[in-house]
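To start, the structure itself, in structure tokens.
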Amino acid sequence: MENQQEEQNQLNIELSEEIAEGIYANLAIITHSNAEFVVDFVNVMPGLPKARVKSRIILTPQHAKRFMKAMVDNIKKYESVHGPIQDQEPVSLPMNFGGPTAQA
């Protein structure tokens, strides 16, 4: 009976080949409203004045907080094996895209 309950609680997640390849981003722009958080992943190339959003993820505030906790937990696990991640110098891009102040 317990095994049946575990099977019912499992989620089957499919990952297509295209999505599995991933998309590289070296900047995240985060904005929010009272109902959602919007995370734009951007690939900024050195020396180019223009960058394109590669992916946009929209989260409810509750899912954004769960995501933040999951990232903190994964960073702690990573650093326990590989040592502290060194912070880079702050990105000095114009961040006046409109809407609430972006955080990266």
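The values are calculated or read from the model by the stated rules, or taken from the named source; none is laboratory data. All figures in this text were calculated on a predicted structure; none of them were measured in a lab. Every residue, glycine as well, gets a Cβ built from its backbone with ideal geometry; the counts of neighbours run over all protein chains shown. Heads up: the accessible areas ignore ligands, DNA and RNA and are worked out on the full protein's heavy atoms, side chains in. Shrake-Rupley method; radii C 1.70, N 1.55, O 1.52, S 1.80 Å.
Structure summary
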quantity: Paired Rg and Dmax values of the range 1-89, which use every Cα atom, in angstrom; calculated: 17.6, 61
quantity: Distant-in-sequence amide H partners of Lys54 (H built 1.01 Å from N, under 5 Å); calculated: Phe41, Val42, Asn43
quantity: Length-normalised contact order for the range 21-82 - Cα pairs under 8 Å, 6+ apart - percent; calculated: 25 percent
quantity: For Leu59, net neighbour charge (Lys/Arg +1, Asp/Glu -1) across residues whose Cβ lies under 11 Å away; calculated: +2
quantity: Largest to smallest accessible area among Lys50, Lys69 [probe 1.4 Å]; calculated: Lys50, Lys69
quantity: Peptides 41-48, 52-59 ordered by average Cβ neighbours within 10 Å, highest first; calculated: 52-59, 41-48
quantity: Percent carbon-and-sulfur accessible area, the range 21-82, ignoring ligands, DNA and RNA, probe 1.4 Å; calculated: 59 percent
quantity: Förster radius 30 Å - calculated FRET efficiency between Lys54 and Leu11 (Cβ-Cβ, nearest 0.05); calculated: 0.70
quantity: Ranked order, Glu79, Glu21 - accessible area, probe 1.4 Å, largest first; calculated: Glu21, Glu79
quantity: Non-local Lys pairs in the range 1-82, i.e. 8 or more apart or on different chains, that have alpha carbons under 26 Å apart; calculated: 5
